[in-house]
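Below is one structure, written out as structure tokens; comments come after it.
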């Protein structure tokens, strides 16, 4: 069954992506591909966009299709209204994936209020920090989905903050031992 995404009158469809299928379980998604994993979930009366980028391993073409589908849906929402959790478990940390996520974060930044990441370990954490710095998007890293959702809903201040545009704290500067990390004044 085809059904349009529920959109706000102020929402913009910047690339004119059109209509979206609905899964049998009621989750809608924006794609012509039958295997889209990302979907809206409901938690405590709030809609959360679950960006399911898990399990793509090194298949960057399939990952690109998933990311682009999710981006289309996010960009249909009112600016600053989307709470999102991205699951990157068992997905590549290649340069192609990093470039894809930089583009995605830049494209969706005006629409996303809060972004939580799960499934980020090892090299992926370094790459996530790089994407966050380059795009200026604040994100939070979590080990558990429940903790990430609690933060998205304002019930917790947990998680590791990366990116954003806030200036570093005096404590962060004091712990930076690089040549430019001298504590001012």
Checked 89, 106, 58, 81 against criteria (surrounded by fewer than 21 Cβ atoms within 10 Å (Cβ to Cβ) and touching a residue at least 40 places away in the same chain (Cβ under 8 Å)); the one match is 81
Just the residues that are within 20 Å of residue 52 (Cβ to Cβ) and outside any helix (DSSP H, G or I), please, taken from region 123-144.
137, 139, 140, 141, 142, 143, 144
Among the residues of region 126-145, write down those that are surrounded by fewer than 19 Cβ atoms within 10 Å (Cβ to Cβ) and closer than 11 Å to residue 116 by Cα.
138, 143, 144, 145
Quick check: is even one residue across region 167-183 surrounded by fewer than 17 Cβ atoms within 10 Å (Cβ to Cβ), modelled with pLDDT of 95 or more and either within 15 Å of the chain's Cα centre (by Cα) or outside any helix (DSSP H, G or I) (or both)?
no
Cβ pairs under 9 Å, 6+ apart, first in region 132-145 and over 18 Å from residue 121 (Cα atoms), second assigned to a loop (DSSP other than H, G, I, E, B) and modelled with pLDDT of 95 or more:
135/109; 136/109; 137/109
Restricted to region 34-54 and to residues being closer than 23 Å to residue 93 by Cβ and at pLDDT below 95, the residue farthest from the chain's Cα centre (by Cα) is 35
Among (1) part of a helix (DSSP H, G or I); (2) over 21 Å from residue 129 (Cα atoms), which single condition is residue 77 missing?
(1)
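The values are calculated or read from the model by the stated rules, or taken from the named source; none is laboratory data. Because the structure is predicted, anything quoted here is derived from the model rather than measured. Glycine also receives a Cβ, built like all others from the backbone with ideal geometry; neighbour counts cover every protein chain displayed.
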